[in-house]
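A quick write-up on the structure given underneath.
The values are calculated or read from the model by the stated rules, or taken from the named source; none is laboratory data. Treat the numbers as computed from the prediction; the structure is a model and nothing was measured. Glycine also receives a Cβ, built like all others from the backbone with ideal geometry; neighbour counts cover every protein chain displayed. When the accessible area is computed, the model is the full protein with side chains, heavy atoms only, and any ligands, DNA or RNA have been set aside. Shrake-Rupley method; radii C 1.70, N 1.55, O 1.52, S 1.80 Å.
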Amino acid sequence: MAKAAAVEQSRAIPVDVQRAFDLTLPVPLTTLFCRRYAVLPPISEVRGQDGVWGETGQTRVVVTTDGGTMREQLVEVDPPHSFDYRLSDITGPMRPLVDSVEGRWEFTSAGTGTLVTWRWTLHPRGLGSPFMPVFCRMWRSYARQALEELSDVLLAPESPEPSPS
């Protein structure tokens, strides 16, 4: 079996941990992953998601702009500290390289804000192992872009409460 490859990227965002967690978990994937980086495509849609994303055991199918798909399952939710998911049944261009991915978003207090860390543990297919160092470098830049998008979401002004009629 090929050796797993771990990769992570972090960004400090000046919001409290609870807000960071509460807004990140249900954010639409098409909002965070709207830009390509090298071979890593944007996400074009999500299929089969029932309700708001946030319950352990939920599943959905993530579709990328290059025609690839992957099944995502929410494995653990530990508010407001972290949530874990697994990507499997990968199709499209990533299929020859990656068998599955264990993902984690982590939120820790840092100064006057939150350090948001996104982590992947990639389980490569046999032929994918030699490409993991290059893939991981590209992933870090893809993750940096996603964390920039997340920062914009978290720093957006809160919607005002509707006034009573």
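Answer yes or no: is there a residue in the range 128-137 that is among the basic types (Lys, Arg) and without any contact (Cβ under 8 Å) to a residue 40 or more places away in the chain. Walk me through how you get there before you give the answer.
First, pick out the residues of the range 128-137 that are among the basic types (Lys, Arg): 137.
Cutting the leftovers down to without any contact (Cβ under 8 Å) to a residue 40 or more places away in the chain gives us 137.
Among the residues of the range 128-137, at least one is among the basic types (Lys, Arg) and without any contact (Cβ under 8 Å) to a residue 40 or more places away in the chain, which makes the answer yes.
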* **Test: residue in the range 113-127 that is open to solvent by 20 Å² or more (accessible area, probe 1.4 Å) and either touching a Cys at 6+ places or on another chain (Cβ under 7 Å) or without any contact (Cβ under 8 Å) to a residue 60 or more places away in the chain (or both)** => yes
* To do: Sort out which residues of the range 32-46 are more than 18 Å from Leu87 (Cα to Cα) and in contact with a strand residue (DSSP E or B) (Cβ under 9 Å, 6 or more places away or on another chain), and write them in order of number.
  => Cys34
* Residue among Asp84, Asp89, Asp78, Asp66 that alone is free of Cβ contacts under 8 Å to residues at least 12 places away in the same chain, among the acidic types (Asp, Glu) and either closer than 15 Å to Val39 by Cβ or surrounded by fewer than 18 Cβ atoms within 10 Å (Cβ to Cβ) (or both) -> Asp78
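Let's see how each residue does on (1) surrounded by 15 or more Cβ atoms within 10 Å (Cβ to Cβ); (2) more than 16 Å from the chain's Cα centre (by Cα); (3) not hydrophobic (A, V, I, L, M, F, W, C):
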position	(1), (2), (3)
Ser10	yes, no, yes
Ile13	yes, yes, no
Gln18	no, yes, yes
Leu32	yes, no, no
Pro41	yes, no, yes
Glu55	no, no, yes
* Ser100 is checked against (1) open to solvent by less than 10 Å² (accessible area, probe 1.4 Å); (2) closer than 23 Å to Gln18 by Cβ and fails just one. What number does that condition carry? -> (2)
* Does at least one position in the range 88-103 carry a residue that is farther than 17 Å from Ala143 by Cα, among the basic types (Lys, Arg) and over 16 Å from the mean Cα position of the chain (by Cα)? -> yes
* Asked: Can Gly51 be described as in a loop (DSSP other than H, G, I, E, B), more than 13 Å from the chain's Cα centre (by Cα) and closer than 16 Å to Phe33 by Cβ?
  -> no
* To do: Scan the strands (runs of 3 or more DSSP E) fully inside the range 54-162 and keep the ones with 3 or more residues being in contact with a helix residue (DSSP H, G or I) (Cβ under 8 Å, 6 or more places away or on another chain).
  => 98-110, 113-124
